[in-house]
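Visitor: Take a look at the following structure, please.
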There are 2 protein chains.
Amino acid sequence: MAVGRPARARQASRELDGAAAPPLPAGPWLEVGDRPRAAAAPPRPVIGAVRPQVDGGRYPAKAAIGDFVAVEADVFVDGHDELSCVLLYAHAAERSWSRAPLRALGNDRWQGGFPVHALGDHHFVIQAAPDPFASWRRDLRARVAVHEDLSGELAVGAALLEEAAERAGATERALLLEAAGALRRAPGRLRAPVDASPLPGGDGTVGGLVFDELLAELVRRHPDPDQVTSSQTFAVRVEPELARFGTWYELFPRSASPDPSRPGTLADVEARLGYLAHLGIDVLYLPPIHPIGRTHRKGPDGAPTAGPDDPGSPWAIGADEGGHTAVHPDLGTLADFDRLVAAAAEHGIAVALDLAFQCSPDHPWVRQHPEWFRHRPDGSIRYAENPPKKYEDIYPFDFDTPAWRDLWLALLDVVRFWIDRGVKVFRVDNPHTKPFPFWEWLIREVKGEHPEVIFLAEAFTRPKVMQHLAKLGFSQSYTYFAWRSAKWELEQYFTELTRTEVADYFRPNLWPNTPDILTDELQFGGTPAFVARLVLAATLGASYGIYGPAFELGEHVAREAGSEEYRGSEKYAVRHWDLERPDSLAELVARVNRIRRDHPALHHDSTLRFHHVDNDQLIAYSKTHLVEEPRYLGPQPAHEPREPDVVVVVVNLDHHHVQSGWVDLDLGVLGLPPDGPYLMHDLLTDARFEWRGPHNFVRLDPAVV
Amino acid sequence: MAVGRPARARQASRELDGAAAPPLPAGPWLEVGDRPRAAAAPPRPVIGAVRPQVDGGRYPAKAAIGDFVAVEADVFVDGHDELSCVLLYAHAAERSWSRAPLRALGNDRWQGGFPVHALGDHHFVIQAAPDPFASWRRDLRARVAVHEDLSGELAVGAALLEEAAERAGATERALLLEAAGALRRAPGRLRAPVDASPLPGGDGTVGGLVFDELLAELVRRHPDPDQVTSSQTFAVRVEPELARFGTWYELFPRSASPDPSRPGTLADVEARLGYLAHLGIDVLYLPPIHPIGRTHRKGPDGAPTAGPDDPGSPWAIGADEGGHTAVHPDLGTLADFDRLVAAAAEHGIAVALDLAFQCSPDHPWVRQHPEWFRHRPDGSIRYAENPPKKYEDIYPFDFDTPAWRDLWLALLDVVRFWIDRGVKVFRVDNPHTKPFPFWEWLIREVKGEHPEVIFLAEAFTRPKVMQHLAKLGFSQSYTYFAWRSAKWELEQYFTELTRTEVADYFRPNLWPNTPDILTDELQFGGTPAFVARLVLAATLGASYGIYGPAFELGEHVAREAGSEEYRGSEKYAVRHWDLERPDSLAELVARVNRIRRDHPALHHDSTLRFHHVDNDQLIAYSKTHLVEEPRYLGPQPAHEPREPDVVVVVVNLDHHHVQSGWVDLDLGVLGLPPDGPYLMHDLLTDARFEWRGPHNFVRLDPAVV
């Protein structure tokens, strides 16, 4: 860890003073930021309302590797000139821009996009210029139709070709000058439609030459640089596909023992990897695995005092045995951890650690760096408080301490420590109680070295704060999903998350339960509630997770009435779970996750659409993966040749009664004709139904899984 | 006109290369742009989604003099700290910021505002800082409630006061230190609620001191500068009230003669001012009054050739007698014009001229400055075309000519010429066919010298182009109103114009007719159509206008079926109008405009709300001027003590049949209780009705005015 530290520290300190914009490559039109010649009038096109963008380009938008990033903008110019628009894009490490066309959608909206095949920040710029040759061609067509004498006009077109030739390289110049010459030699009167009379001295025709699309494109590539308008530069941060699509599973290693007589260890977790792989898990998230403080340790169910054998909360990090880079001795050793990470990788499972940036009073840093904490007038360190509530087992950091640089770098080094041991996924505990600039800096630093790393923000707080953390760089975010039960709430919330500009930067990760969240619905809804919430999470969200084995074993008893805490919470106690219980939902979880993997439509959230059902207890929605030009949908899987995939989900939100109703599918959204029959394949039961047209009947019994 | 020209030209040229941001004054918190000390961690609050703003601050928002400019922003910080937010604002010419509080609206939205009493650009900035003293007070209240020992906490509060004292001036410092001392001497245990025990050695009480609002405000004024976040600086352009509220009237001076045997003159227009004042007109807009070209002059109804006595289109500007700064000899002299402007001013009427930046082939500039126009390969100047249509009587300027600086400055000088003769209002002809950068520059130049000048954009084109012209600085814009007939179209369009961010910069000016626009509705709706469209324009829009006397005299015959051109259009012919005709709507126009002047609710568009009617042929809406704290409504009249004013409008959109229905008023919007009775005063008939609750019956007969 100490290797290279001074150099890294210097670099980080420099960054802390304000990151410079990355240098941008030169482009095929204009170097971005190039000023037109002062002698020329300012360029006339206007570019605005670019998407994706986050706060006017202040933060990068998000995409996953392999995505096609759809880009849109308003582009227009005064008068009646035709416009030419291009999209320039480049990976931050590239020295030159790639170029993609933009096409007009109507109402001055233009669209294009680019595929992303590398991790890290990409930049894009939109450039627009009047296209006088295209305007000339449009007008010429109208002139031919009324039999105008074109002698003058053909010379105008020739002059435009000659001007483009001056700006072109040798080969293109020759082609353009040849075409110009042909126009200058052509007769002054053409016939409509497009004249086919042979060009004097050539083997083409006048009309064929004038309306040749390759010629038009050749001219378009060499606009007058004085007339080119450039948008600002926007960034898109490309992350692994796991940032967009994955199934998470949280478990407490100390409860992973198969032997009820002893607590679990990292080795026990390793032994459980086969089970998790069978469930279809992609990310195994472990609560903090570090030594736990003894001072003011919490007892069972969060009692203010602990007995001698109570293990304490894993979030009270740090003891004599070490702090954020140590493994709790009861769980094993760093070598055990390394073995777990390697074994998990063999199962295709990433191990995620918890970044809980706080200390128990026994954390080594409390003695080594008292200046990293807040103090009372009597010199004692302030524990966490939400007056009158006290959390005496937790010392928060003082992120504004005069020694903030040392503290921030030490925390960065914690992340680097675990990355060096193979951890690429971090769940960040309560990021909203640490400064925003800290996260922006930390994530930028880590991503600069390791663009493959993923951060999940565990912030259950006000919407704008959650959104801001996502803007700062968190790859994924916990959501309000657990508390959205009614159809209207689910529709409203997931429409906001997937259909507004929030989708450009905020990736939801849906959890029906967590160790802190046992909702009323799960407490009182029985198995049907667990089934419904699993299906909703797994299909509304490309990323979702469960806290197990509590989830698949239907754990549902609260600490007391009105509480969302589990009775006998694993946060404060060692639990033992019988994975073999016949009522386990493990097979259902496995089946749902197999369906997720098999269906690319479920690998992203951008195509989520709700469909009407005439029963408020039934919710219906679809996700699609169609073979067509992408309309603006935010980042989405790239449109390589593929099979179209359509998934329709109907869920009974009533956990106690059979519900039925007429589903009113928007068949256009599904790529289906308005009235033909189509086969519906029930992926859970493997049954098949023939449906016809938009209106079809559904009946769902909560007692039948 | 030549006086000072060289200096102006230099200044303008400099501006053309890119306007520098105006210098900003120092503020009570931080100089904007000041960097916190490098040694401190970055400030933690976040400020975003500021309104009003146009394209992220790229363009100024709009307000009228006397308005209260409501300002809103998202402001939040990590954790649980209380925040303090201030709004700093200043006229561009002021050397220091004024300060206004922002209050929390909930969901991290904050609101404040500032009154504007001077023309020209104003700037505002939002600053936010954690307020540790407020957080401490909040926590202390909770601690007192559970009887904590407060000795330590009172010392913490004292330290916060002492820190603020270090940043305060001498007087405030003394007050803060005195309070700090009292806290340090206070007993360590207070009673809940607020302790009233006398402070040792003082005559106040501990609780009284701690929770004194003035003390809190005193601390709030001296935050740690390292912790202050500043938004970017936003601009609000303040224009005369006439930019927000006014009645316009367009007439052709050559048709203003009371004597059918001769064309009208400017002197005839002067003689008609009494009539216009009676109608309640604020702005008299004249189509171009300049010499008209003879080459390719258009004949009656736009015929391609003119007879010897045909007067031609006023928009074919320029002849031997002069160009854009000359008066057509048939209309009179510059002295006549001056007299008209002066006489109009005595009637409270502003004379508006037409800025039609194009030339007839006979314009002096065609000979003097051929380089300002486009040329064909044969050297001839290009006339206006929309192939295959030709407009041979019009030469457009080439705004991109290498001599663009000279051209642009010459056009600016045209505007200055008329301003110097007392013209403060300009209607700009087809601004969307000239470059956007030209308008942004020209309006900025003019407004810099004459912030009282108003520009109306006559751009009937695509929505984004019309919006962009408004962003660039046009005070007002023509709209699609003339073609919005159905209830749903009117509701949708005016909701967009008044309730979205478009309202921050786009001020609609509503015209039921113009010399170019005789809608189907007016052609075939009879007098009821004229009445309905008048009432809609005058009440949906704080600014509206009519083209008269065609409007009040019900002129409705089109040139041919399917055309929106008038038969015998005044654009190409002299007309005579009998103002005394018994069917003239002049008295109705006068009455409507009196109602407009009497009712401040009709002086702005920001409170426009539509109400439901169970009949699609009846439209109902309201405007209000209530005595309350302003919610964010865009610029609006300042909230001085005043009478509340509520106007409800119900219009029958069916010009042929009686229509009736139940109006469903949103009484909360009107400031009325949900069920009580209230008096409705019919301002057109002076009848009075008692209504009760939200549901009331309305019956409107198009035959009865």
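Visitor: Here is a check on your reading of the model: is B:Pro287 modelled with pLDDT of 95 or more and not basic (Lys, Arg)?
Guide: Numbers: modelled with pLDDT of 95 or more: yes; not basic (Lys, Arg): yes.
Taking the combined requirement at face value, the residue satisfies it.
Visitor: Consider the stretch B:137-177. How many of its residues are small (Gly, Ala, Ser), buried (at least 17 other Cβ atoms within 10 Å of the Cβ) and more than 13 Å from chain A (Cβ to nearest Cβ)?
Guide: Total satisfying the criteria: 3.
Visitor: Given the conditions (1) outside any loop (DSSP other than H, G, I, E, B); (2) closer than 18 Å to B:His290 by Cα; (3) touching a residue at least 12 places away in the same chain (Cβ under 8 Å), report the number of the one that B:Arg367 does not fulfil.
Guide: If we test B:Arg367 against (1) outside any loop (DSSP other than H, G, I, E, B); (2) closer than 18 Å to B:His290 by Cα; (3) touching a residue at least 12 places away in the same chain (Cβ under 8 Å), just (3) comes out false.
Visitor: Sticking with this structure for a sec: How about the stretch A:250-302: which of its residues are within 17 Å of A:Tyr547 (Cα to Cα), polar (S, T, N, Q) and surrounded by fewer than 20 Cβ atoms within 10 Å (Cβ to Cβ)?
Guide: A:Ser255
Visitor: Tell me which residues, restricted to the stretch B:647-705, are under 20 Å from B:Arg533 (Cα atoms) and of a type in the set (S, T, N, Q).
Guide: Within the stretch B:647-705, B:Asn652, B:Gln659, B:Ser660, B:Thr685 qualify.
Visitor: Quick one: which of B:Ala326, B:Ala342, B:Ala306 is at pLDDT 95 or above, among the hydrophobic types (A, V, I, L, M, F, W, C) and not in a loop (DSSP other than H, G, I, E, B)? Break it down stepwise before answering.
Guide: Values: B:Ala326 fails: not in a loop (DSSP other than H, G, I, E, B); B:Ala306 fails: not in a loop (DSSP other than H, G, I, E, B).
None of the others qualify; the one that does is B:Ala342.
Visitor: Which numbered condition trips up A:Phe474, out of (1) out of contact with any strand residue (DSSP E or B) (no Cβ under 7 Å at 6 or more places or on another chain); (2) aromatic (Phe, Trp, Tyr); (3) buried (at least 24 other Cβ atoms within 10 Å of the Cβ)?
Guide: It is condition (1) that A:Phe474 fails.
Visitor: Further question: So which of A:Ala277, A:Ala271 ends up being within 28 Å of the chain's Cα centre (by Cα) and either modelled with pLDDT of 95 or more or not acidic (Asp, Glu) (or both)? Let's see the steps before the verdict.
Guide: Working: A:Ala271 fails: within 28 Å of the chain's Cα centre (by Cα).
Just one listed residue meets the conditions, A:Ala277.
Visitor: Quick one: in the stretch B:493-517, which of the residues that are hydroxyl-bearing (Ser, Thr, Tyr) and part of a loop (DSSP other than H, G, I, E, B) is surrounded by the fewest Cβ atoms within 10 Å (Cβ to Cβ)?
Guide: The first filter runs over the stretch B:493-517 and keeps only residues hydroxyl-bearing (Ser, Thr, Tyr), leaving B:493, B:495, B:498, B:500, B:505, B:514.
Still in the list and also part of a loop (DSSP other than H, G, I, E, B): B:500, B:505.
Values: B:Thr500: 11, B:Tyr505: 25.
The qualifying residue surrounded by the fewest Cβ atoms within 10 Å (Cβ to Cβ) is B:Thr500.
Visitor: Counting only residues that are aliphatic (A, V, I, L, M) and more than 21 Å from B:Val650 (Cα to Cα), which one in the stretch B:480-523 is nearest to the other protein chains (Cβ to nearest Cβ)? Give the steps one after another, and end with the answer.
Guide: So the first thing to find is which residues in the stretch B:480-523 are aliphatic (A, V, I, L, M), and the list is B:482, B:486, B:490, B:497, B:502-503, B:510, B:517-518, B:522.
Applying the additional criterion that residues be more than 21 Å from B:Val650 (Cα to Cα) yields B:502-503, B:517-518.
Details: B:Val502: 13, B:Ala503: 17, B:Ile517: 20, B:Leu518: 25 Å.
Among those that are aliphatic (A, V, I, L, M) and more than 21 Å from B:Val650 (Cα to Cα), it is B:Val502.
Visitor: Among the residues of the stretch B:96-129, which ones are farther than 16 Å from B:Val50 by Cβ, more than 14 Å from chain A (Cβ to nearest Cβ) and among the small types (Gly, Ala, Ser)?
Guide: Passing the criteria: B:Ser96, B:Ser98, B:Ala118, B:Gly120.
Visitor: B:Trp441 versus (1) closer than 30 Å to B:Asp362 by Cβ; (2) within 10 Å of another protein chain (Cβ to nearest Cβ); (3) under 15 Å from the mean Cα position of the chain (by Cα); (4) touching a residue at least 60 places away in the same chain (Cβ under 8 Å): which is the lone unmet condition?
Guide: Going through the list (1) closer than 30 Å to B:Asp362 by Cβ; (2) within 10 Å of another protein chain (Cβ to nearest Cβ); (3) under 15 Å from the mean Cα position of the chain (by Cα); (4) touching a residue at least 60 places away in the same chain (Cβ under 8 Å), B:Trp441 breaks only (3).
Visitor: Something else now. Check A:Leu88, A:Leu83 and return the single one that is of a type in the set (A, V, I, L, M, F, W, C), in contact (Cβ under 8 Å) with a residue 24 or more places away in the chain and over 27 Å from A:Pro240 (Cβ atoms). Lay out the reasoning, then the answer.
Guide: Numbers: A:Leu88 fails: over 27 Å from A:Pro240 (Cβ atoms).
Just one listed residue meets the conditions, A:Leu83.
Visitor: Moving on to the next point. Output the number of the condition that A:Gly56 fails; it satisfies all remaining conditions of (1) within 8 Å of chain B (Cβ to nearest Cβ); (2) outside any loop (DSSP other than H, G, I, E, B); (3) modelled with pLDDT of 95 or more.
Guide: (3)
Visitor: Sticking with this one: Looking at (1) within 14 Å of another protein chain (Cβ to nearest Cβ); (2) not in a loop (DSSP other than H, G, I, E, B), which is the one condition that is false for B:Ser84?
Guide: (1)
Visitor: Go through the stretch B:40-53 residue by residue and tally those that are under 32 Å from the mean Cα position of the chain (by Cα), surrounded by 19 or more Cβ atoms within 10 Å (Cβ to Cβ) and at the interface with chain A (Cβ under 7 Å from one of its Cβ atoms).
Guide: 1
Visitor: Kindly check whether there is at least one residue in the stretch A:528-551 that is surrounded by fewer than 19 Cβ atoms within 10 Å (Cβ to Cβ) and either of a type in the set (A, V, I, L, M, F, W, C) or closer than 26 Å to A:Val589 by Cβ (or both).
Guide: As a first pass, look at the stretch A:528-551 and keep what is surrounded by fewer than 19 Cβ atoms within 10 Å (Cβ to Cβ): none.
No - not one qualifying residue is present in the stretch A:528-551.
Visitor: Where residues in the stretch A:451-479 are in a loop (DSSP other than H, G, I, E, B) and over 17 Å from the mean Cα position of the chain (by Cα), which of them is farthest from the other protein chains (Cβ to nearest Cβ)? Before you say what the answer is, go through the steps one by one.
Guide: If we filter the stretch A:451-479 for residues that are in a loop (DSSP other than H, G, I, E, B), which is where we start, we get A:451-453, A:459-462, A:473-475, A:479.
Keeping just the survivors that are over 17 Å from the mean Cα position of the chain (by Cα) gives A:460-462.
Working: A:Phe460: 14, A:Thr461: 9, A:Arg462: 6 Å.
Looking at the filtered set, the residue picked out is A:Phe460.
Visitor: Another question, then. In the stretch B:94-124, which residues are hydrophobic (A, V, I, L, M, F, W, C) and within 23 Å of B:Ile65 (Cβ to Cβ)? Outline the logic, then answer.
Guide: So the first thing to find is which residues in the stretch B:94-124 are hydrophobic (A, V, I, L, M, F, W, C), and the list is B:97, B:100, B:102, B:104-105, B:110, B:114, B:116, B:118-119, B:124.
Hits for the stretch B:94-124 are B:Trp97, B:Ala100, B:Phe114, B:Val116, B:Ala118, B:Leu119, B:Phe124.
Visitor: From A:Ser622, A:Ser606, grab the single residue that is under 19 Å from A:Glu489 (Cα atoms), small (Gly, Ala, Ser) and at pLDDT below 95.
Guide: Numbers: A:Ser622 fails: at pLDDT below 95.
After applying the criteria, what remains is A:Ser606.
Visitor: Any idea how many residues of the stretch B:393-419 are within 14 Å of chain A (Cβ to nearest Cβ), assigned to a helix (DSSP H, G or I), surrounded by fewer than 20 Cβ atoms within 10 Å (Cβ to Cβ) and without any contact (Cβ under 8 Å) to a residue 40 or more places away in the chain?
Guide: Total meeting the criteria: 1.
Visitor: Moving on. Which condition number does B:Val71 fail, the rest of (1) at pLDDT below 50; (2) away from chain A (no Cβ under 13 Å) being met?
Guide: Unmet for B:Val71, out of (1) at pLDDT below 50; (2) away from chain A (no Cβ under 13 Å): (1).
Visitor: Ok, one more. For the stretch A:61-87, how many residues are crowded, with 24+ Cβ neighbours inside 10 Å and over 30 Å from A:Trp136 (Cα atoms)?
Guide: 6
Visitor: Still on this structure: Looking at the stretch B:92-109, is at least one residue outside any loop (DSSP other than H, G, I, E, B), buried (at least 22 other Cβ atoms within 10 Å of the Cβ) and touching a residue at least 60 places away in the same chain (Cβ under 8 Å)?
Guide: Filtering the stretch B:92-109 for residues outside any loop (DSSP other than H, G, I, E, B) gives B:96, B:98-101, B:103-106, B:109.
This time we only want the ones that are buried (at least 22 other Cβ atoms within 10 Å of the Cβ), so: none.
No - not one qualifying residue is present in the stretch B:92-109.
The values are calculated or read from the model by the stated rules, or taken from the named source; none is laboratory data. Here the structure is a predicted model, which is why all the values come from computation and not from measurement. Counting neighbours? That spans all protein chains shown, and the Cβs are built from the backbone with ideal geometry, glycine included.
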